[in-house]
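One structure is given below, encoded as structure tokens.
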Amino acid sequence: MTISVDKGKMPIVDCDVHPLIKDINVLSPYLAEPWREYFLGGVRSGSSNGFIYARARDKYNHPNTTYRLDSLPDSGGPAGSDPAFTISNHLEPYGITTALLLPQEPYGVARFGNAAAAAAFERANNEYLIDTWLSYDKRYTLAMTVSSHDPKSAAADIRRLGKMPGVVGVQLLILNHMAGSPLFDPIYEAACEMELPVAFHQNGGEGCYTYSQNPAGGVPRSYGERHTVLPQIGAANIMDMIVSGVFERFPTLRIVMVEWGFTWLSWLMSRMDHLWEADRTASPWIKRRPSEYIAEHFTFTTQPLDEATHASEIAAMFGIKNLDKMLLFSSDYPHYDTDDPQLTIGKIPNEMKERVCFQNAVDTFGAKILRSLS
Amino acid sequence: MIVDCARHAGVKRHQDLFDYMPHSWQKHFDRYEWTGAVDLTSNHIRVSSKFRHDPIPEYKPGAEPDRMTLVIPHQGLTVNGWADRVGAKVYLDALNSYGEAHWVSSSSKLAMVVSPHDPVWSASEIRRRGASPKIGGVCIPLSTEMLGTRHWDPIYEACIERGLPVVIHYSGVEGSYTGAPPLAGSVHQNALSRLILMPQLAESNAASLLFEGAFYRFPKLQIFFAGFGFKWIPSLMRRVDQEWRNFRSDMPWLLDEPSKKVLSNMWFSSYPVGEAGGLVAWEGEFSAALRKRIVFNSHAPFGNDTVEDVERVLGKTWVDSMMRNGRALLRYKTGTEA
């Protein structure tokens, strides 16, 4: 679908904005017993929302704060917890037409061993955000969160909430299983049925637990070293989905890779094609060049944009084959490494700007991603 | 002159190593399951389903005045998946001795393999063998101990003392055998996935070397990532510098952008050059300084890129540069160039 826009009024879809909850107690109306007592009683409620956190902060402590200090709302609560403040602090100053909300607290579910608790928390969080953010302003859209603890339950939730106004995608948490596993099939099936793309975002637990996915090689020493190699996990899951034939099983499935970077596609796509062509029997499920699956089924967000210094380097970064149709703008507001929208958009080649700022988002999520314009 | 900075050689039979072991260890290794496992150690990328190689031809170097080759005894790299770390040292000692006897010529040198599990023993082996002109490098099989940690300092110290580059190449059991390093993610579907993702092992260990300040401790240390390709480097260089800028207070021992050490202390190789097509689209990411760190390797007999292959994909300018770089890496003297 092609959207025509007036010059100077180009819509901007920010595909990575994180909403948080003010306090765990706001989820109370959305939790049935025994989960209300489970989450709100005892030691958990005493630690505010800090327990809902995937990264093992005693293993990899952030050297500063994980959020921008200027994104703390005047009304109190953590950064990203006030829909009005997010509009005045981020959307309006930069002319953001749509913010795709990727809820952050559910990332903590990645370390839950209890599948039923995981589902209860995800449901409560999704319903809270639908009621308080999507109904607050049409500039907000939501990627509802599910995890693979219980794929059938996740699929049921996708079918239940997938047509709610403003729900435009599914945020699927990466746990220990690779994304190509048949375990995910019920989730992919439901997402395709509801015409919702699946978004993968780092949950923070990567490299932390015996049951989480890890970067290659071993244990990075510091937060920065670990953060350097986190994109490997995104790349590995892409590879796994292609090798295991996910897109042969689900030809309409769309995947949005959020905050994994994109410049590594340059080597990954050419390497997978070259090695597959050297032995086409290596995977019986690959029917065509692996990079074609990427171009057809995947999109990638801009943040964190590589800080290249030379024009030739920037041209090469954006010169990756088919990138003009795969790239989505994102800021990662309100995190410490938010990319300034003006700076990012300024670096995108002119001929790609419309596609990156909104057209690719429309192709991926449908026209409903621009719900504030309708 | 063709400078091939990484080709492979292996024994056809494990029994061929017995002459290079003490008698008691011959008796230890003379068992059906070990001698029969030569096909496993010879498979360059260990398979779980498909993707395998035919038995490799024997490497017999001759005197080739127009060629210099660094030979990796790839079977030795597989000790990174061995359970018996004591036996592994005996095996490596025998393999290195066999390699010195059979794979070295006036135009080829051996990259001796050391144990990742015992750096002190490895350092003594480097000092013992490394003075010989037969030795051109030191292969460290990858372990879960990242290369930037102080675990490796005895090995690095010995390499510098002997003027030898460290050579890093995957064994093929990574992401497959317990004890060997994992690949990114979790359990992979098949060998094609694993082979495609191998460069991430180099990425992680390069990041470790840079962030742990290994090149501040050992300014002369040279690390050669062989067989991982090279297109992944610019993305990593930008990323490490961004992390350093974000978190300088977290790593005060790093005095400058980490990527600068890539340009002074790391080397990368061309294989598989077929993945580097479309030069015009990506060449802008490679500064002149970075191009000086990329050498030619054939990877023979696995894949076996030729110089003609490289020229067809990258052009003659890149080939000439790679040969110059290879001479610098291997410290061969050719003509007036030292």
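Have a look at A:Asp70, A:Asp58, A:Asp157 and tell me which one the Gaussian network model of chain A (Cα, springs below 10 Å) gives the largest fluctuation.
Its mean-square fluctuation being the largest, the pick is A:Asp58.
Looking only at A:Met164, A:Met239, A:Met269, which one moves most when chain A is put into a Gaussian network model with springs between Cα atoms under 10 Å?
Looking only at A:Met164, A:Met239, A:Met269, the largest GNM fluctuation is found for A:Met164.
Regarding the range B:70-145, what is the average projected area of its C-alpha convex hull, in nm²?
Value for the range B:70-145: 4.6 nm².
So what are the ³J(HN,Hα) numbers for the range A:14-30, from phi and the Karplus equation (6.51, -1.76, 1.60; θ = phi - 60°), rounded to whole Hz, Gly and Pro as x?
Karplus-based 3J(HN,Hα) across the range A:14-30 equals 8, 8, 8, 10, 9, x, 10, 8, 4, 6, 4, 5, 5, 7, 3, x, 9 Hz.
All other residues with a Cβ under 11 Å from the Cβ of A:Arg249 taken together, and with Lys, Arg as +1 and Asp, Glu as -1, what is their net charge?
-3
Over the range B:215-334, calculate the relative contact order: mean separation of alpha carbon pairs under 8 Å at least 6 apart, over the residue count, as a percent.
Computed over the range B:215-334, the figure is 27 percent.
Non-local amide H neighbours of B:Met146 (under 5 Å, H modeled in plane, Pro and chain starts lacking H): which ones?
Counting only residues 5 or more places away or on other chains, the set is A:Val219.
Could you give the alpha-carbon Rg of the protein assembly as shown over 2.2 N^0.38 Å, rounded to two decimals? Could you put the intermediate results ahead of the total?
Numbers: Rg = 26.5 Å, N = 712, 2.2 N^0.38 = 26.7 Å.
The value comes to 0.99.
Measuring from label point to label point, each 7 Å out along Cα→Cβ, what is the B:Glu283 to B:Leu40 span in nm?
Placing both labels 7 Å along Cα→Cβ, they lie 4.6 nm apart.
Could you tell me which residue out of B:Ser270, B:Trp282, B:Pro252 lies farthest along the dipole of the range B:234-293 toward its positive end? Charges go on the beta carbon: Lys and Arg +1, Asp and Glu -1, centred on the Cα centre.
Value: B:Pro252.
Just to confirm a number: summing +1 for Lys and Arg and -1 for Asp and Glu over residues other than B:Gly227 whose beta-carbon lies under 13 angstrom from that of B:Gly227, what do you get?
Values: positive: A:Arg271, B:Arg7; negative: B:Asp4, B:Glu174, B:Glu275, B:Asp305.
Local charge sum for B:Gly227: -2.
Amide H of B:Ile2: which non-local residues (sequence gap of 5 or more, or other chain) have their own amide H closer than 5 Å, using H built in the peptide plane?
Sorted by chain and number, the residues that satisfy this are B:Arg67, B:Met68.
From the helices alone, meaning DSSP H stretches of at least four residues, give me the mean residue ellipticity at 222 nm for the protein assembly as shown, per-run term -39500 (n - 2.57), in deg cm²/dmol to the nearest 500.
About -10000 deg cm²/dmol.
If you build a Gaussian network model of chain B, linking Cα atoms that sit under 10 Å apart, which residue out of B:Asn304, B:Asn205, B:Asn265 swings the most?
B:Asn304
Between B:Lys60 and B:Asp16, 0.36 nm times their residue separation minus their Cα-Cα distance comes to what?
Additional length available on full extension: 14.3 nm.
Just need the relative contact order of chain B here, percent rounded to a whole number, with Cα pairs under 8 Å and 6+ apart.
Working: 610 pairs, mean separation 60.6, N = 338.
Once normalised by length, the contact order is 18 percent.
Pull out the extension gain between B:Glu161 and B:Lys27, defined as 0.36 nm times the separation in residues minus the alpha carbon to alpha carbon distance; nm, one decimal.
44.7 nm
Quick one: Karplus J couplings for the range B:211-223, per residue in order, coefficients 6.51, -1.76, 1.60, θ = phi - 60°, nearest Hz, x for Gly and Pro?
6, 7, x, 4, 7, 7, 6, 10, x, 8, 5, 10, 10
Compute the signed sum of charges (Lys and Arg +1, Asp and Glu -1) over the other residues within less than 10 Å, Cβ to Cβ, of A:Arg355.
Working: positive: A:Lys325, A:Lys353; negative: A:Asp324, A:Glu351, A:Glu354, A:Asp363.
Overall, the nearby charge balance is -2.
Select from A:Ala120, A:Thr145, A:Tyr60 the residue farthest towards the positive end of the dipole of the protein assembly as shown; place +1 on Cβ of Lys and Arg, -1 on Cβ of Asp and Glu, and compute about the Cα centre.
The residue sitting farthest along the positive end of the dipole is A:Tyr60.
Along Cα→Cβ, 7 Å out, is where each label goes; now give me the distance between the ones at B:Leu255 and B:Asn304 in nm to one decimal.
Reported label-point gap for B:Leu255 and B:Asn304 is 4.9 nm.
Once you charge only the Cβ atoms, +1 for Lys and Arg and -1 for Asp and Glu, what is the size of the charge dipole of chain A about its Cα centre, to the nearest 20 debye?
Charge dipole of chain A: 420 debye, to the nearest 20.
Among A:Cys208, B:Cys139, which comes first, second and so on when ranked by fewest other beta-carbon atoms within 10 Å?
A:Cys208, B:Cys139
Could you list B:His169, A:His90 so that the one with the fewest beta carbons within 10 Å of its beta carbon is first and the one with the most is last?
Values: B:His169 28, A:His90 21.
Going from least to most buried by this count: A:His90, B:His169.
Note down the nm distance, to one decimal, between modelled labels 7 Å out along Cα→Cβ at A:Lys347 and at B:Arg217.
Going from the A:Lys347 label point to the B:Arg217 one covers 3.3 nm.
Could you pull out the chymotrypsin sites (Phe, Trp or Tyr not before Pro) across the range B:253-338 that fall in loop regions by DSSP (anything but H, G, I, E, B) with no more than 12 other Cβ atoms inside 10 Å? Walk me through the numbers before you get to the answer.
Numbers: sites: B:Trp253, B:Trp267, B:Phe268, B:Trp282, B:Phe286, B:Phe296, B:Phe302, B:Trp318, B:Tyr332; in loops: B:Trp253, B:Phe286, B:Phe296, B:Phe302, B:Tyr332.
Counting only loop positions with at most 12 other Cβ atoms within 10 Å, the chymotrypsin sites (Phe, Trp or Tyr not before Pro) in the range B:253-338 are B:Trp253.
With a cut-off of 8 Å between alpha carbons and a minimum separation of six or more residues, what is the relative contact order of the range A:13-373 in percent?
Taking the mean separation of contacting Cα pairs over the length of the range A:13-373, I get 20 percent.
For the protein assembly as shown, what is the charge dipole size about the Cα centre, in debye to the nearest 20, if Lys and Arg each add +1 at the Cβ and Asp and Glu each add -1 at the Cβ?
Here the protein assembly as shown has a charge dipole of around 1180 debye.
Throughout, read-outs are computed from the coordinates displayed, never taken from laboratory work. Note that the structure is predicted; figures quoted are calculated from it, not measured. Because the Cβ atoms are built from the backbone with ideal geometry, glycine has one as well, and the counts that use them run over all protein chains shown.
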